[in-house]
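J.: One structure is given below, represented as structure tokens, and several questions about it will come after.
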Amino acid sequence: MTNNKKPTVVWFQAITCNGNTHSLLSANSSRLELFLNSFDLIYHPSLTIDKSLNEILESKDEIDFLLVEGAISKNSDFFTISDETTNVLLNKLTSKAKYLVAVGSCASYGGVHAKFEQNDNVVGLEESLDKKSTKNLKHEIINLTGCPVHPEWIIQTLFTLNNFGKMAIDEEGRPKELYSTLAHHGCTRNEYFEWKIEGAWGEKEGCLFYDQGCRGPMTHSSCNKILWNDVNSKTRAGMPCIGCTETDFPRDNMLETKKNIGIPFEVPTGISKRAYLSITGVAKTFTIDRLNKKLMD
Amino acid sequence: MENSLKLFSQKGFYNTTIPDIAKSMKMSVGNMYNYFSSKEELAKYAIKYSTNILASQLREINHMEISSKEKIFLFAKMYFENVKNSPEVIEYFLRVYLSNREVFKQGCEGFLCVGEFVTEVMLLLDEGAQNKEFRDQEFFPAFSMIMGSLGGFAFLSGEAVLDKDIMEYSDAIADNIYRALKYDE
């Protein structure tokens, strides 16, 4: 006997730019179709749905997957939905949910909104929840960091949780299968990185680490392996990685490499500065004709 | 290795032969070739050897918990002690490595054979700039401010034109270097 009832998904939007919703809707069409055929998306404020948020809150039905986009605040002077703060609504929804997934960096730890100086009470899900609201959760909060998060990561997380009931997460609450490698892995510019050849914004050639602020070698993300729209990534298109999956995002001056006397302030994850400077000093010595030319004339 | 550094520095790269070096090392010429396939290979090994001595000394200074200013003073002292006590180490760099670039063109390109030492200078400068003891500037002007002063002074010492013992100039040279690098308020 099979249970044909599809797991329910509620997508709650708090303080957000809507970027993660756009991301989901930009998913590969067959994957989005598979998601909609496999799950019952009963509420999303940007999509046509049958139920209102109040109906969801008043219903006795459990929510299988609560997905939250945006940061949370207790301060009603700055942001409310139907006269309730996002903090109150989040706690009410969470008490009905089995799985709680923070979709994007704002939901994970406040993101760009946490930098808003006029309201010092903008945080991510973890800091917003009362203990009693979380007692029905079957899993720790999953943080899908990213600005925005890759649509495939959302879909993959939901399928994994639905099929296996759990997934391994790192110390930031991010699924290991999606965040254990660096954005550097799969970057098509790795050869330029190895030989220390700098590139320029928007060009196919050159590494964007030395001057353009690329954070690929220190950012946990699979966006160069699971490509956007199946074809591209920021670094492949010529934009430096801005480290949007890390908790220090957004940083100041994200498109420049902070240096002291020409020496990068931060070096790639897992290598000492002494060793890094030693190998880069040597690598810079070599002039490899092929890498100093245009890939296509 | 010190013997070969001395011979190369005193007689010049081209006037020094493998038999000369073998003789100074009390070794047969045939045995020398077991270690180095040519005079050029020996010369390349010698530059790594001599700069690695300086690199390990500067590394020790870099690991000390003192200000970058004090590190500059210690580094100048250490460098001049080498000039005084092991002149072949510095002389080899100044008189062989810098004067016979064609010998080092393949296999010692750029920083390949002096990388460990350059790395330590980078770390010294990087830390000073991070602590706001040194002002931010491009690497090579800062690097040449240090090494140009020290190397130039070692050259004067080698030419025996200094009035006093080289160690007596150490603090004055270090002070010049520090003033040139120091952070502008």
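The values are calculated or read from the model by the stated rules, or taken from the named source; none is laboratory data. Every value quoted in this text rests on a predicted model; they were computed, and no experiment measured them. Because the Cβ atoms are built from the backbone with ideal geometry, glycine has one as well, and the counts that use them run over all protein chains shown. Accessible surface areas use protein heavy atoms only, side chains included; no ligands, DNA or RNA. Shrake-Rupley method; radii C 1.70, N 1.55, O 1.52, S 1.80 Å.
J.: Could you figure out which of (1) in a helix (DSSP H, G or I); (2) over 24 Å from A:ARG215 (Cα atoms); (3) hydroxyl-bearing (Ser, Thr, Tyr); (4) under 21 Å from the mean Cα position of the chain (by Cα) isn't true of A:SER133?
T.: Tallying (1) in a helix (DSSP H, G or I); (2) over 24 Å from A:ARG215 (Cα atoms); (3) hydroxyl-bearing (Ser, Thr, Tyr); (4) under 21 Å from the mean Cα position of the chain (by Cα), A:SER133 fails exactly one: (4).
J.: Step by step: first the residues of region A:92-143, then only those that are small (Gly, Ala, Ser) and touching a residue at least 60 places away in the same chain (Cβ under 8 Å), then the one that is farthest from A:ASN20 (Cα to Cα). Which residue is that?
T.: So the residue we want is A:ALA97.
J.: Could you go through region A:83-99 and let me know if any residue there is farther than 24 Å from A:ILE56 by Cβ and in contact with a Lys or Arg (Cβ under 9 Å, 6 or more places away or on another chain).
T.: Among the residues of region A:83-99, not one is farther than 24 Å from A:ILE56 by Cβ and in contact with a Lys or Arg (Cβ under 9 Å, 6 or more places away or on another chain), which makes the answer no.
J.: Can you tell me which residue in region B:18-65 is farthest from B:LEU123 (Cα to Cα), limited to those that are of a type in the set (Val, Ile, Thr) and more than 23 Å from the chain's Cα centre (by Cα)?
T.: B:VAL29
J.: Identify all residues within region B:28-52 that are of a type in the set (S, T, N, Q), open to solvent by less than 60 Å² (accessible area, probe 1.4 Å) and not in a helix (DSSP H, G or I); write none if there are none.
T.: B:SER38
J.: For B:SER38, indicate whether it is within 14 Å of chain A (Cβ to nearest Cβ) and of a type in the set (Ser, Thr, Tyr).
T.: Answer is no for this residue.
J.: For region A:231-254: of the residues being touching a Lys or Arg at 6+ places or on another chain (Cβ under 7 Å) and β-branched (Val, Ile, Thr), which is farthest from A:SER26 (Cα to Cα)?
T.: Going through the qualifying residues, I end up with A:ILE242.
J.: Report, by residue number, each residue of region A:269-291 that is assigned to a loop (DSSP other than H, G, I, E, B) and at pLDDT below 90.
T.: Listed by number, the residues that qualify are A:THR269, A:GLY270, A:LYS284, A:THR285, A:PHE286, A:THR287, A:ILE288.
J.: Which count do you get for residues in region B:1-27 that are in contact (Cβ under 8 Å) with a residue 60 or more places away in the chain, part of a loop (DSSP other than H, G, I, E, B) and crowded, with 16+ Cβ neighbours inside 10 Å?
T.: Result for region B:1-27: 1.
J.: So, in region A:255-297, how many residues would count as being open to solvent by less than 60 Å² (accessible area, probe 1.4 Å) and either touching a Lys or Arg at 6+ places or on another chain (Cβ under 8 Å) or within 11 Å of chain B (Cβ to nearest Cβ) (or both)?
T.: Of the residues in region A:255-297, 16 are open to solvent by less than 60 Å² (accessible area, probe 1.4 Å) and either touching a Lys or Arg at 6+ places or on another chain (Cβ under 8 Å) or within 11 Å of chain B (Cβ to nearest Cβ) (or both).
J.: Can you name every one of the helices (runs of 4 or more DSSP H) wholly within region A:27-127 that holds 2 or more residues which are among the charged types (D, E, K, R)?
T.: Hits in region A:27-127: A:29-38, A:53-58.
J.: Test A:ASP248 against the stated conditions and say whether it is more than 14 Å from chain B (Cβ to nearest Cβ), open to solvent by 40 Å² or more (accessible area, probe 1.4 Å) and acidic (Asp, Glu).
T.: yes
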